[in-house]
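**Q** Sharing a structure below in structure tokens format, with a few things to ask.
The values are calculated or read from the model by the stated rules, or taken from the named source; none is laboratory data. As the structure is a computational prediction, the values presented were derived from the model and not from experiment. Here the Cβ positions follow ideal geometry from the backbone for every residue, glycine too, while neighbour counts run over all protein chains shown. In case anyone asks, the SASA skips ligands and DNA or RNA and just uses the protein heavy atoms, side chains included. Shrake-Rupley method; radii C 1.70, N 1.55, O 1.52, S 1.80 Å.
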Number of protein chains: 2
Amino acid sequence: MAKQKQDEGPAAKLTINDIARLAGVSKKTVSRVINRSPLLNRETRDKVEAIIRETGYVPNPQARALALGRNFLIGLIYDNPNAQMVLSMQRGILEALHGTEFELVIRPVDRGSNQVMEDIQGFVTRQRLFGVVVLPPMSENDALMRMLDEQGCRYVRMGSAILDDPEHMVASNDREAVADAVRHLIAQGHRRIGLIAGPHGFRSARERREGFEMALAEAGISLPRSLVADGQYTFESGLSASESLFDLTPRPTAIFASNDEMAAGVLYAARLRGIAVPEQLSIIGFDDTPVTTRVWPPLSTVRWPIVAMGRAAALKLIGTAIGEGAEVNEPSMFSSTLIRRGSVAPPVQT
Amino acid sequence: MAKQKQDEGPAAKLTINDIARLAGVSKKTVSRVINRSPLLNRETRDKVEAIIRETGYVPNPQARALALGRNFLIGLIYDNPNAQMVLSMQRGILEALHGTEFELVIRPVDRGSNQVMEDIQGFVTRQRLFGVVVLPPMSENDALMRMLDEQGCRYVRMGSAILDDPEHMVASNDREAVADAVRHLIAQGHRRIGLIAGPHGFRSARERREGFEMALAEAGISLPRSLVADGQYTFESGLSASESLFDLTPRPTAIFASNDEMAAGVLYAARLRGIAVPEQLSIIGFDDTPVTTRVWPPLSTVRWPIVAMGRAAALKLIGTAIGEGAEVNEPSMFSSTLIRRGSVAPPVQT
DNA sequence: CGGGTATAGGAAACCGGTGTCATTATCAAG
DNA sequence: CTTGATAATGACACCGGTTTCCTATACCCG
């Protein structure tokens, strides 16, 4: 059993030397063709390109990465319960990467673990990543960004946050969007509106809460502490949080849940209690995940342009590589919009 | 402006030469330490390891990949509407990859496009992937597997398929699981049971349909063509397909939908028609996605161990690398189970 | 027609590891 | 005390590209 190293597969691996030999030029010339060097004879270029096309030669990216000192891998770091969001984000990023030589390497992490930092550091340094996109809530971790800076790893953070650093941030205006949603409820006549907040420490949770409070304050509606329940962005937490709101007298006539999962929990809880939606209770969620259209009634919600934001994040990242001087002009702030479905109606008169 | 190559970032990149110099040994010896070569003096090893630990040296994977002729990237190829499934699969694979030097590169493709093959081929050859995991329905594409073979790219296909080739396949027994589900309906007294089938050409769709027919045949129940409606594995298709079933007289008292999305569509359609579930209509889905517990009533469904299957697939792939001689002993066949929730009840007597 | 200047292209070093083989040190056996 | 076997280590080529430096040729001008 002789080791057959060279002709392992039917697609014997071609090297730049083979191409050079076939074309009758030096490997340097082939390299110039590949990298589109402008100081090449037209004929020479055509000849080499023809051979490359015929043979189906593909430069070895490992060798390229080694020689160039950087590779073409973008990392996606996240720790997020929202599967739909993560997947949409992946899609957006991949759209931007399509046609480039970049690939996407994903890295879910466990925020709870106290090894997250080491884990991520090992990830970026070992793979010498070109850059990473960080999804919320990991993106709110400033220590992480410092570490990435130290490692010389580019990054873009996604989030519902202030634009302290537009170059490294793609954000949505959650606060204003939530305020809009709540204004909608108020316009329908609601005055006792409950909030199911997101987890403490999440910037998105704070932004959404502030938007909620802002709209109420504008309308001169006071917000007793009892109308605010804490949630964890999960269906179950929405379910249990809403029960404490239902126990209030008078009961709130509308509830804004800080994400769709919790909104679905509210709807489920209402069903268990025999509270009719939207007749006796209006509900608005946030994210516009598919679940909003699967339940009955379909949930009104706030949609943020996840795919577009993912695309923008990736373009920001690789833009710095492609056009050295070219300014990256991707927008950093995206607007969310209220999607009206069937879960909102005027309150019953009491 | 002198170029400062060496001390670019705070984490100046160490090379194997630096370690060798610091340890007073040759780079080859350092390499031996890294690769746990057994023919090393204990003292030498300890000394080098100490230095590696102190300095935080990490071998450059690009260089390793180049020298070794293969890199440590696993690709995930999919074209699937089921976000939850894809994400669970990612999770399973990553669990298996955790602690190894492998990373996961994802590649959603567009099955419709006639460039899929070129796209994937470019992906695996350019990146010289170690191997790929292919999700259904892409995994049913035999031409793709031939191409991967030609490219010398390892692969494992996931699916609900016959085990023609256990080494390259991780499968679930959809047929038997569906038969179980339908037997459950029959045991409850149902006789007119509708099927919403998956798209033509999907092996999973065929398997599930065969399971359905099998259970009916066992019970001696005939299946008129009108009780079978075609679906596309989407919510909307489930919605419209179920309407044709609802128009039948007599109406089916139970419906098996070939996945949860379509089952949710059936439930939604029933709500629109004022058909009470489960009193007037029983529903069973397939996949056990989160939506099944968000809707009311929660849907009975068939659960297949996605995460475990993803883990097994990844282990099969990298197992061949880690233990050369060691047989990979991951199971190739996984069992699905019926999850009973609230969408099934005995039929009303007519 | 000669000298200066682009410009194409080659030789060799390099990126940071790994493989092969030779060399040296150590030890048991004869 | 010599010899052969064995363990530990090092020298050097190599993986497949890129980059630097240099030379040879073509072209331009006075």
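**Q** Give, as residue ranges, the strands (runs of 3 or more DSSP E) completely inside region B:203-310 that count at least 3 residues that are under 23 Å from residue A:293 (Cα atoms). Spell out the reasoning first.
**A** Values: elements: B:228-230, B:254-257, B:282-284, B:301-303.
By residue number, B:254-257, B:282-284, B:301-303.
**Q** Looking at B:90, B:62 in this structure, which one is in contact with a strand residue (DSSP E or B) (Cβ under 8 Å, 6 or more places away or on another chain) and of a type outside the set (A, V, I, L, M)? Can you show your working first?
**A** Details: B:62 fails: in contact with a strand residue (DSSP E or B) (Cβ under 8 Å, 6 or more places away or on another chain).
Only one candidate qualifies: B:90.
**Q** Among (1) closer than 22 Å to residue B:330 by Cα; (2) within 16 Å of DNA strand C (Cβ to nearest atom); (3) modelled with pLDDT of 90 or more, there is one condition residue B:51 misses while meeting the rest; what is its number?
**A** Unmet for residue B:51, out of (1) closer than 22 Å to residue B:330 by Cα; (2) within 16 Å of DNA strand C (Cβ to nearest atom); (3) modelled with pLDDT of 90 or more: (1).
**Q** Going by the structure shown, is residue B:107 within 16 Å of DNA strand D (Cβ to nearest atom) and within 22 Å of residue A:13 (Cβ to Cβ)? Even if it seems obvious, please write down each step before you answer.
**A** Details: within 16 Å of DNA strand D (Cβ to nearest atom): no; within 22 Å of residue A:13 (Cβ to Cβ): yes.
Answer is no for this residue.
**Q** In region B:22-35, how many residues are more than 9 Å from residue B:48 (Cβ to Cβ) and within 11 Å of DNA strand D (Cβ to nearest atom)?
**A** 5
**Q** Taking region B:170-192, which residues are open to solvent by less than 10 Å² (accessible area, probe 1.4 Å) and not polar (S, T, N, Q)?
**A** B:170, B:171, B:174, B:177, B:178, B:179, B:181, B:182, B:185, B:190
**Q** Residues to consider are B:146, B:107; find the one that is open to solvent by less than 40 Å² (accessible area, probe 1.4 Å), out of contact with any Cys (no Cβ under 6 Å at 6 or more places or on another chain) and not assigned by TED's automatic domain parsing to the domain that holds residue B:209. Steps first, answer last, please.
**A** On the way: B:146 fails: open to solvent by less than 40 Å² (accessible area, probe 1.4 Å).
From the options B:146, B:107, the qualifying one is B:107.
**Q** On to the next question. On the basis of being in the same structural domain as residue A:310 (by TED's automatic domain parsing) and either of a type outside the set (Phe, Trp, Tyr) or touching a residue at least 12 places away in the same chain (Cβ under 8 Å) (or both), does residue A:124 make the cut?
**A** yes
**Q** Additional query: If I filter region B:121-129 for residues that are in a loop (DSSP other than H, G, I, E, B) and either open to solvent by 10 Å² or more (accessible area, probe 1.4 Å) or at pLDDT 90 or above (or both), do I get at least one hit?
**A** There is at least one residue in region B:121-129 that is in a loop (DSSP other than H, G, I, E, B) and either open to solvent by 10 Å² or more (accessible area, probe 1.4 Å) or at pLDDT 90 or above (or both).
**Q** Looking at region A:154-165, can you tell me whether even one residue there is at pLDDT 90 or above, basic (Lys, Arg) and not in a helix (DSSP H, G or I)?
**A** As a first pass, look at region A:154-165 and keep what is at pLDDT 90 or above: A:154-158.
When the remaining residues are screened for being basic (Lys, Arg), the result is A:154, A:157.
So of that shortlist, the ones also not in a helix (DSSP H, G or I) come out as A:154, A:157.
Within region A:154-165, one or more residues are at pLDDT 90 or above, basic (Lys, Arg) and not in a helix (DSSP H, G or I).
**Q** Got at least one residue in region B:78-88 being under 26 Å from residue B:232 (Cβ atoms), at the interface with chain A (Cβ under 9 Å from one of its Cβ atoms) and of a type in the set (Gly, Ala, Ser)?
**A** We begin by selecting, within region B:78-88, every residue under 26 Å from residue B:232 (Cβ atoms); these are B:78-88.
Next cut, at the interface with chain A (Cβ under 9 Å from one of its Cβ atoms) only: B:83-84, B:86-88.
From what's left, of a type in the set (Gly, Ala, Ser): B:83, B:88.
Checked region B:78-88: at least one residue is under 26 Å from residue B:232 (Cβ atoms), at the interface with chain A (Cβ under 9 Å from one of its Cβ atoms) and of a type in the set (Gly, Ala, Ser).
**Q** Here is a check on your reading of the model: is residue A:19 open to solvent by less than 30 Å² (accessible area, probe 1.4 Å), within 25 Å of residue A:286 (Cα to Cα) and either within 13 Å of chain B (Cβ to nearest Cβ) or in contact (Cβ under 8 Å) with a residue 24 or more places away in the chain (or both)?
**A** no
**Q** Return the residues of region B:3-20 that are at pLDDT 85 or above and within 11 Å of DNA strand D (Cβ to nearest atom); say none if nothing qualifies.
**A** B:16, B:17, B:20
**Q** Quickly run through region B:76-120 and pick out the residues that are basic (Lys, Arg) and either modelled with pLDDT under 90 or outside any strand (DSSP E or B) (or both). Quick ask: steps written out before the conclusion?
**A** Within region B:76-120, the subset basic (Lys, Arg) is B:91, B:107, B:111.
Of everything in region B:76-120, those that are basic (Lys, Arg) and either modelled with pLDDT under 90 or outside any strand (DSSP E or B) (or both) turn out to be B:91, B:111.
**Q** Testing residue A:194 on (1) under 26 Å from the mean Cα position of the chain (by Cα); (2) among the small types (Gly, Ala, Ser); (3) within 25 Å of residue B:294 (Cβ to Cβ), one condition comes back false. Which one is that?
**A** Against the list (1) under 26 Å from the mean Cα position of the chain (by Cα); (2) among the small types (Gly, Ala, Ser); (3) within 25 Å of residue B:294 (Cβ to Cβ), residue A:194 comes up short only on (1).
**Q** Given the criterion surrounded by fewer than 16 Cβ atoms within 10 Å (Cβ to Cβ) and either of a type in the set (Val, Ile, Thr) or within 24 Å of residue B:250 (Cα to Cα) (or both), identify the matching residue among B:220, B:201. If you could, list the steps in order and put the result at the bottom.
**A** Working: B:201 fails: either of a type in the set (Val, Ile, Thr) or within 24 Å of residue B:250 (Cα to Cα) (or both).
Unique residue meeting the criteria: B:220.
**Q** Inside region A:104-123, can you point out the residues that are touching a Gly at 6+ places or on another chain (Cβ under 9 Å) and facing chain B (nearest Cβ under 10 Å)? Give the derivation first.
**A** Step one: filter region A:104-123 for residues touching a Gly at 6+ places or on another chain (Cβ under 9 Å), giving A:104-107, A:120, A:123.
Listed by number, the residues that qualify are A:104, A:105, A:106, A:107, A:123.
**Q** Considering only residues that are within 13 Å of another protein chain (Cβ to nearest Cβ), closer than 29 Å to residue A:191 by Cβ and touching a Lys or Arg at 6+ places or on another chain (Cβ under 9 Å), which ones fall in region A:288-319? Don't jump to the end; show me each part of the working.
**A** In the first step, residues of region A:288-319 are kept if they are within 13 Å of another protein chain (Cβ to nearest Cβ); the result is A:289-299, A:306-307, A:310.
Cutting the leftovers down to closer than 29 Å to residue A:191 by Cβ gives us A:289, A:291-293, A:295-299.
Residues satisfying the conditions are A:291, A:292, A:293, A:295, A:296, A:297, A:298, A:299.
**Q** For region A:262-273, check the following and say yes or no: at least one residue is open to solvent by 20 Å² or more (accessible area, probe 1.4 Å), hydroxyl-bearing (Ser, Thr, Tyr) and touching a residue at least 12 places away in the same chain (Cβ under 8 Å).
**A** Yes, region A:262-273 has at least one match.
**Q** Follow-up. I'm trying to understand the selection: among the residues of region A:55-72, which are under 27 Å from the mean Cα position of the chain (by Cα) and either open to solvent by 40 Å² or more (accessible area, probe 1.4 Å) or more than 16 Å from DNA strand C (Cβ to nearest atom) (or both)?
**A** A:70
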